[in-house]
Structures are given as structure tokens and as C-alpha cells.
Amino acid sequence: MRKLILLLSIVALIPLMTTSCGKKEKKVEQVQAEQWKKEFANAPKWVLNPEVEGGLAAVGSAKIGPAGIQFARTEALANARDELARMLSIKVKNMIKNFTQTTGIGDQTTVDKVSAQVSKQVTSQVLQGTKQKDMWISPSGELYVLVVLDPGAVKEAVRQATLSSFKNERALWQQFQAKKAYEELEREIQKLESQ
């Protein structure tokens, strides 16, 4: 009898527990949204939308900690340069798996669904001509830097990529021609030997 009363008590408390959890989640989301608004209320436009006329721009950020502002600035600059490098050249490998299954009949049908996404991004780019254009410290002590890449450097990077690609294709064509000539020579030698 005690077990039955305990079981009924637990079953009765479950809806109350799940309802209060849902309210807490909504309240946490509201608090986070309000904090976000306060954090960026006086932020320069470039913090959320890095744009400059005639060039590429990226924003990097880092928390100012015990190591000081210079350490945070160096970290923020590195983050912004990483973003610039990804803008110029990036290799992306991506995989998405979806699985859906139904079991049961009629009203008793259940649907099981699994979805997984995996993405890997790698970049290797030499950046020349990057410079810090602006800096802002948020109320929470996060340092933001705006880094721009000189338009001339962007043009040169595109030109180099084009030349490199052209040279690679040209080298492959030359290898193909050499292989073809070698195979032709082998056939001619075999003809002479068979005579």
C-alpha cells in the first residue's frame, strides 16, 4: 500500500516539475536576451556587422583577464585574422546524416528521428596588409577589434590564387603529355623488338 501511495505521489508531481522547468527555461532565455541587449546597447555598428568600404573586414574578440589588455588584444587580432583567412580560402568537409523510422499501426504509430551534422573547416592563407582599424571594450570586459585587409592585398591574393591554379593545371597537362609521349615511345620500341 505504501508503495502505491508513493508511486501515485510521484506521478502527481511530474506535471508540476516539468511545468516549473519550462518556466525557468523561458525566464533564463529572457534574462540572457536582456543581458545581450545591455552588452551591445552602445556598441559600434561594426561589432555586429563588420564592413568597410573597398576591403575585407572581420571582428575578433577576447575577454580581458588577468593577463591584461595587450594579451586580450593579441588574441582578438588573431581571431579576426582567422576569420579573414576563411573569407579568402577555406576547405569545407561536411556530412549530414538523417534517420527516420516509424513503428506501430494507426494511432499507435511512433516516429523515431535522428539527425547528425558534422562539419570541418580548414584554411591556410598568408595574410599581408592586415591592420586594426578600431577597438571597443564592452561593459562585461570583452575586447572587440575590427581588422581590415588592404584592398590591394585582396587583389594580389586573388591574382596569386589564379596563377597558382593556372600553373597547377598547366603542370598536370605537361605531365599528361609526357606520359602520353612515353607510352607512344614504348609502343614504337615494342614494334621494333617484335620485328
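The values are calculated or read from the model by the stated rules, or taken from the named source; none is laboratory data. Here the structure is a predicted model, which is why all the values come from computation and not from measurement. Neighbour counts are summed over all protein chains in view; Cβ atoms, including those assigned to glycine, are modelled from backbone coordinates with ideal geometry.
Observations, loosely collected:
- Of all residue pairs spaced 6 or more apart or on separate chains, none has beta-carbon atoms under 9 Å together with a first member in region 24-39 that is under 20 Å from E142 (Cβ atoms) and surrounded by 10 or more Cβ atoms within 10 Å (Cβ to Cβ) and a second member that is at pLDDT 80 or above and hydrophobic (A, V, I, L, M, F, W, C).
- Single unsatisfied condition, K131 versus (1) in contact with a strand residue (DSSP E or B) (Cβ under 7 Å, 6 or more places away or on another chain); (2) at pLDDT below 85: (2)
- Selection over region 70-98 of residues that are assigned to a helix (DSSP H, G or I), among the β-branched types (V, I, T) and more than 12 Å from G60 (Cβ to Cβ) gives a count of 0.
- Of all residues in region 79-104, those that are more than 27 Å from L143 (Cβ to Cβ) and assigned by TED's automatic domain parsing to the domain that holds A58 have Cβ atoms under 8 Å from Cβ atoms of residues that are in a strand (DSSP E or B) and acidic (D, E), 6 or more apart or on another chain, in F99/D112; T100/D112; Q101/D112; T102/D112; T103/D112.
- Filter result for A67 (surrounded by fewer than 16 Cβ atoms within 10 Å (Cβ to Cβ) and not in a helix (DSSP H, G or I)): yes
- Residues within region 105-122 that are outside any strand (DSSP E or B) and either in contact with a strand residue (DSSP E or B) (Cβ under 8 Å, 6 or more places away or on another chain) or in contact (Cβ under 8 Å) with a residue 40 or more places away in the chain (or both), tallied: 1
- Every pair of residues 6+ apart whose Cβ atoms lie under 8 Å, when the first sits in region 64-78 and is farther than 14 Å from K131 by Cβ while the second is in a helix (DSSP H, G or I): I64/A72; G65/F71; G65/A72
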